[in-house]
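Asker: First, the structure itself, so that you have it in front of you.
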Amino acid sequence: MVQGPSPELLESIRHPTSLDAHIASLKQLKNGLIGHDQRKELAIKRGVADILVPILTAPTKAAGKKRSTNGSLSGGPLQTAPPAWTAEYEVRLQATVILGILANGGSPFVQPLLAAGAGNALAQIVAEDEPPRLVTATLKALQHLARSAALINRLPFEPTALEEDLLPSLLKSALLNTACKEQQKLAADIIVHLADQDEVKDTLAKHLLETLARLLAASAIANRHVDYHRPLSSHLSPAPPNTTIPYILAAIIGITTGSIFRMQSFIHSSPIRDLFQTAWAESNPANSSLPQLHVPVYKTVSFSPAFPVLGSLPQEHERDSSYDGAQAGRDASYANAVIGWLIVLARSLSGRNRIAALLLLAQSRPESTHRHRERERQLATLAIPLAVQLIQGTTPEERTMAASLPTSDTESREVQGDACDALAILIEDSKILQNAAVEAGAIKRICPILKQSFDTITPARPMWVAHPPGPDEADLPESCKLGIRGLPAEIYHTMRMRASALQALAALASREDIHKKVIVEAGVVSCIIDSLKPFTPEVTAAIEGRSKPLQQFSTKDGNGPTVIQAACLAAKCISRSVSLLRTSLIDAGIAKPIFELLQHTKPEVQLAATDVCCNLLLDFSPMRDDLLAAGVIKTLTEHARQSEMGLRLASLWALKHLVQNSPKDVKIQCLDELGVGWLVGAIQGEQGSAVADPASFSMGGVSVAGGGFSTPNAAGEQVDLLNPNTNMDIDEQADEDEALDEGDEEEEDEDEDGEVMYDEAAGIHYQASQLRSTLHRSPDDAFVPSVPEFNSARYLASVREKEYNPVLQAKQDDIAVQEQALDFVRNLLHGEDCAFMFEHLLRAIGQDKLFSLLNDKLAPITAPSPLLFRGAPLPQPTKPLYQSTELILSTVHVLTHIANASPTHKQLLMAQKHLLAHWLPHFNHPDKRVRVISVWAVNSLTWVEDEGDRTTAQLRVKELRSCGIENAIRGLANDPELDVRERVKTAVRQMDGL
């Protein structure tokens, strides 16, 4: 039977007779606990945590001098030499080491250690000036505690340790301690495991991100990754050892993940910008670190004689208003330089160290990369093959070198999982990068990894079990009770690798049908279906410590939420293919597990399942009837009425697809379950707050894009300043053809929002319009943009405002709900029963109310005067203010379907004088989609159903002529868009024929 620490030993530690005896007792306890989980368990139950923590805190309370954030003592001058090592320090060292040993036991030890205050005690040790040996031991203990706490999504200390800047001070001091590279590694690794919640990431970014950037910049200069023309200034830190760089990269990734503002704060931090502030010559030494690319010259590709990403501005630019060279000053060149530097950094590392650089490269890749073909080809040629090779394990050279070195299976799985993560982020939304990954063999390497993750797992050693507490254990303090056990390490890493493989396959299958078919032919559809199954009750009970530990783990035992979300993403991407939707996916039985996930307890899993339903509920999906029979309407309508915005939007999107081309009874059931009153409220939105809130207006005379500001830009255009980008991760599909036309090259090159550009007047970036640019052109058709110098502080302020301003976020969410509600009405009217459903809507909502809702979306918005932003008055609007482009587009779609109803309904629409007057300005809308659908609506209004309708059609044409719409139609005859011109020809022919 396993014997824990004896009461006599614990008593000798609690009440030592001398320092030497105290040290001897602590060493005896330490030697008995190392590598023995059962003894650790017994030690915790006997209160060892409560005995050790006071040993750490007693000297701190007596000293009274705390280290300031710059390393000095708040009560005296900067101490240049560490204090001499004494027996008291040895006692504290042994206690710290024992706490680290207990923390290394895994997640069950987190709860008792935190209850005893071990996390805060370790963080406060460095509030004193301590010897490096003790600081290093403290960092090791914190590292073990942070790793174990991360497994159960806990912080290893109370939030006050962050709020009082104790822990950031410790980590910053350790990072800057170039004399001890071990402390740098430990501090960076602690940051990685702490950065799990956004609040913690924000705090770490505030205190530590610039320090990490400074270390990385110093390494870039020391290794000549960039050509630094300035003398080394005092603000640059000494370069850390190359072995520390991967840890620093991982810390930066942990802090910046999940936030555009935090990533941009790193990219535009002073140390990183200082690297590229000097004039870059074409003969940059960093260019020699990369092979020169011989890329065919396309109309959208330009490159300098050397390697452009680290050189000066390209010699030739893409000639349209979305070119980000129109950004101020050297901003475009700076973005290229950062990407090129990260490519150089990734190629200079090897193995799993290279993955950290690739992950940082992937996250810092601008959203506009897919419109810069040269940059895409650089990544496709120099970065994507590295990630694919790492998925296989290592590069060929590294396999030869590491043949004699032992490598654990866990470490190999971690490398493959991280490589899949890096690849998925790199190729996201880029057709060229996805093709490059497939050509490099990504699919044939990832699919076997996914299959292997379903092999039966036997834990290397049975984990101890926290037996149900008996009568004598129920009254024990929390510091003597073991916590949640969690998954065994082998199963945890397998689950993580499975999720990473699924995310990589989803990224590969997001665009091309041929990629989807290759993935299906690899035989992983069954793996995706198995990944949709949650943990069984038996596994959940074992994880929570309510039953015996897991002895084996198979595919039937289920998956955690992270794996389920990744599987839903893969299923969503594959289900975009009609042929696979009607064959492989229906054969695999995807409908049943997806519907069951709609009832999952976690909202994020419900959201992922709803995203898949958006494709499974389309009119050509064979799974629609099965989901209807299972009761999907009731489930989706309940989710749509919930307060969680992501789930509400996704449910509305799925319902929008469900009612398209459905029988009348299904449409009526969806409307009744959703509630007419709720639908009217969703369409109406927060109109009152929109008028009162300055963040709701646009002064561009075109539209308010999601609650952003607008003002004349540097080119003289009226544009939105805080143009929101509501990227719902679900499929928008108005009809079958639009949803499946993913290979259209022309559609890929077009972007309604354009590139991010800079506005000097407001000190903010905006997204340039693709249409009707007012940039001046020289006689040789070259752009001559007049742009001010880039201001990184203003840019970061605008990004922060957009990301953290709750008013703007609420406004964006409200507009997104309005758009989906209008699209739901549009699809209700779609089909042969359009007239019947419109009559039903008129009875349910009311004629006046329905047209009033549509009129409000097209009418100008009345702005209060004066408008204020951050206390400063904004320029007064010189043109009418309108709703966002997406709301206007959805509203005109509804008008088009009303125009497709019966002649009586057409006449009813023509009787809405105010609506027609407010519709008229949108025939000249900058967005071509609005102009096209507006002309379509006129085509439907002037269409003659039969000879009996000819007289009323003539009256409709006269009404269109009197309200000015006919002149607006004829004025579009020379529109720059071919689609508009063709629709205009039809409209003019029909009007002239009457």
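The values are calculated or read from the model by the stated rules, or taken from the named source; none is laboratory data. From a predicted model like this one, the values you see are computed outputs, not experimental measurements. Glycine also receives a Cβ, built like all others from the backbone with ideal geometry; neighbour counts cover every protein chain displayed. Ligands, DNA and RNA are stripped out before the accessible areas are found, and what is left, the full protein with its side chains, is counted by its heavy atoms. Shrake-Rupley method; radii C 1.70, N 1.55, O 1.52, S 1.80 Å.
Asker: Using the per-residue mean of other Cβ atoms lying within 10 Å as a proxy for protection, in what order, highest first, do the peptides 984-992, 39-47 fall?
Answerer: Most protected by this proxy first, the peptides run 39-47, 984-992.
Asker: Another one. Got a number for carbon plus sulfur as a percent of segment 508-665's accessible area, 1.4 Å probe?
Answerer: Carbon-and-sulfur percentage of accessible area, whole number: 52.
Asker: Explain nothing, just compute: Karplus ³J(HN,Hα) = 6.51 cos²θ - 1.76 cosθ + 1.60, θ = phi - 60°, for every residue of segment 532-540 in order, whole Hz, x for Gly and Pro.
Answerer: Once θ is set to phi - 60°, the couplings for segment 532-540 become 8, 8, x, 4, 6, x, 5, 5, 4 Hz.
Asker: Could you list which residues have their amide H under 5 Å from that of L881, counting only those 5 or more apart in sequence or on another chain, with H placed in the peptide plane?
Answerer: Long-range HN contacts for L881: I861.
Asker: In addition: Just to check I understand the Karplus step: with θ = phi - 60° and J = 6.51 cos²θ - 1.76 cosθ + 1.60, what whole-Hz values come out for segment 202-209, glycine and proline as x?
Answerer: After applying 6.51 cos²θ - 1.76 cosθ + 1.60, I find 4, 5, 5, 5, 4, 9, 10, 5 Hz.
Asker: Which loop-located GluC sites (Glu not before Pro) does segment 812-847 contain, where loop means any DSSP state but H, G, I, E or B and the Cβ has at most 13 other Cβ atoms within 10 Å?
Answerer: In loop regions of segment 812-847 (DSSP not H, G, I, E or B), the sparsely surrounded GluC sites (Glu not before Pro) are E832.
Asker: Please calculate the 1.4 Å probe accessible area of W85, with all protein chains present, and give it to the nearest 10 Å².
Answerer: 90 Å²
Asker: Shifting gears a bit: When only the heavy atoms of the protein chains count and the probe is 1.4 Å, how do T951, T637, T86, T17 rank by accessible area, highest first?
Answerer: The residues order as T17, T951, T86, T637, largest area first.
Asker: Continuing with the same structure: Tell me, what ³J(HN,Hα) does each residue in segment 566-580 have, in order and in whole Hz, if you take phi through Karplus 6.51 cos²θ - 1.76 cosθ + 1.60 with θ = phi - 60° and put x for Gly and Pro?
Answerer: Working through the residues one at a time gives 5, 5, 5, 5, 5, 5, 4, 5, 5, 6, 6, 8, 5, 5, 6 Hz.
Asker: Enumerate the amide H contacts of F276 below 5 Å, restricted to partners 5 or more residues apart or on another chain; note that Pro and chain-start residues carry no placed amide H.
Answerer: Sorted by chain and number, the residues that satisfy this come to none at all.
Asker: So, one more: Kindly report the accessible area of segment 593-661 per residue (heavy atoms of protein chains, probe 1.4 Å, no ligands, DNA or RNA), in Å².
Answerer: Dividing the accessible area of segment 593-661 by its residue count gives 31 Å².
Asker: Using Cα positions and a limit of under 25 Å, work out the lysines in reach of K45, with same-chain residues fewer than 8 apart set aside.
Answerer: Result set, ordered by chain and number: K27, K30, K140, K481, K548.
Asker: Also: Apply 1/(1 + (r/R0)^6) to the Cβ-Cβ distance of D587 and D455, taking R0 = 25 Å, and write down the FRET efficiency to the nearest 0.05.
Answerer: E between D587 and D455, to the nearest 0.05, is 0.55.
Asker: Now a separate question. Is the C-alpha gyration tensor of segment 508-640 telling us rounded, prolate or oblate? Criteria: a/c under 1.5 is rounded; beyond that, a/b larger than b/c is prolate, otherwise oblate.
Answerer: Oblate.
Asker: Which order, highest average first, do 804-815, 571-582 follow once you tally other Cβ atoms within 10 Å for each residue and take the mean per peptide?
Answerer: Going from most to least packed, we get 571-582, 804-815.
Asker: Hey, another quick one. Round to the nearest 10 and report in Å² the accessible area of K181, as given by a 1.4 Å probe over the protein chains' heavy atoms.
Answerer: 100 Å²
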